[in-house]
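A.B. asks: First the structure, which I've put down as structure tokens, then a few questions once you've had a look.
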Amino acid sequence: MLEVYIDGSTTGNPGPSGIGIFIKGEGHHIKKSEFIGSYTNHTTEFIALLRGLEEAKKLAPSIVSVRSDSQIVCAAVEKRYAKNAEFAAILEKILDIIDSLDLFFIKWIPDDQNKAAHALAREAVAKNLT
């Protein structure tokens, strides 16, 4: 099983945005920090999930368990629905990947349990502000 921790960070809302992805399990320990442009905080969180799943999928896992501190992202995935058109477009891509996996879980976690992904997301923004 792969555990995928994701987070998004923005400076301003909208503003410069970065995502952090931390993947562990099945012998992997992967950290990704990526600047993605200028988005709102919620959009950044959806993009973080999409990119996290894309990275996990490359490892050909049968089980993926995602951890996120974004309640809106977790709820959208669980309901398989997002009212906001921008979120819905990203969610559609997310669900395509989820549906290709044998097993998928998503769990909301508090910020203090998501420190690795949070630090990676902040790092991506900080590098592009200097």
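What follows is calculated from the coordinates using simple rules that are stated; it is not laboratory data. On a predicted model such as this, the values are computed, not experimentally measured, just so you know. With ideal geometry, Cβ positions are generated from the backbone for all residues, glycine too; neighbour counts draw on all protein chains shown.
A.B. asks: For the stretch 1-45, which positions are hydrophobic (A, V, I, L, M, F, W, C), closer than 19 Å to ASP112 by Cα and surrounded by fewer than 17 Cβ atoms within 10 Å (Cβ to Cβ)?
C.D. replies: none
A.B. asks: Further question: Being touching a residue at least 24 places away in the same chain (Cβ under 8 Å) and assigned to a strand (DSSP E or B) narrows it down to one residue among GLU3, GLU54; which is it?
C.D. replies: Exactly one residue qualifies, and that residue is GLU3.
A.B. asks: Tally the residues that are of a type in the set (A, V, I, L, M, F, W, C), buried (at least 21 other Cβ atoms within 10 Å of the Cβ) and either under 16 Å from ASN114 (Cβ atoms) or in contact (Cβ under 8 Å) with a residue 60 or more places away in the chain (or both), restricting the search to the stretch 57-76. Break it down into steps so the answer makes sense when it comes.
C.D. replies: Within the stretch 57-76, the subset of a type in the set (A, V, I, L, M, F, W, C) is 59-60, 63-64, 66, 72-76.
The next check asks that each one be buried (at least 21 other Cβ atoms within 10 Å of the Cβ); those that pass are 64, 66, 73, 76.
With either under 16 Å from ASN114 (Cβ atoms) or in contact (Cβ under 8 Å) with a residue 60 or more places away in the chain (or both) added as a condition, the list becomes 64, 66, 73.
Residues that pass the stated criteria total 3.
A.B. asks: Could you list, in sequence order, the residues of the stretch 96-130 that are among the aliphatic types (A, V, I, L, M), part of a helix (DSSP H, G or I) and within 18 Å of LEU2 (Cβ to Cβ)?
C.D. replies: If the condition is that a residue be among the aliphatic types (A, V, I, L, M), part of a helix (DSSP H, G or I) and within 18 Å of LEU2 (Cβ to Cβ), then ILE97, ILE98, ALA116, ALA117, LEU120 are the ones that fit.
A.B. asks: Just checking, which of LYS79, LYS32 is among the basic types (Lys, Arg), more than 17 Å from PRO110 (Cβ to Cβ) and touching a residue at least 24 places away in the same chain (Cβ under 8 Å)?
C.D. replies: None of the others qualify; the one that does is LYS32.
A.B. asks: Inside the stretch 105-117, can you point out the residues that are surrounded by fewer than 20 Cβ atoms within 10 Å (Cβ to Cβ) and either under 14 Å from the mean Cα position of the chain (by Cα) or aromatic (Phe, Trp, Tyr) (or both)?
C.D. replies: Matches in the stretch 105-117: PHE105, LYS107, TRP108, ILE109, ASP111, LYS115, ALA116.
A.B. asks: Within the stretch 25-51, track down each residue that is among the basic types (Lys, Arg) and either in a helix (DSSP H, G or I) or over 14 Å from the mean Cα position of the chain (by Cα) (or both).
C.D. replies: Selection gives ARG51 alone.
A.B. asks: Sort out which residues of the stretch 90-130 are out of contact with any Cys (no Cβ under 7 Å at 6 or more places or on another chain) and aromatic (Phe, Trp, Tyr), and write them in order of number.
C.D. replies: Result: PHE104, PHE105.
A.B. asks: On to the next question. Return the residues of the stretch 58-82 that are in a helix (DSSP H, G or I), closer than 16 Å to TYR5 by Cβ and out of contact with any strand residue (DSSP E or B) (no Cβ under 7 Å at 6 or more places or on another chain); say none if nothing qualifies.
C.D. replies: Result: VAL73, single match.
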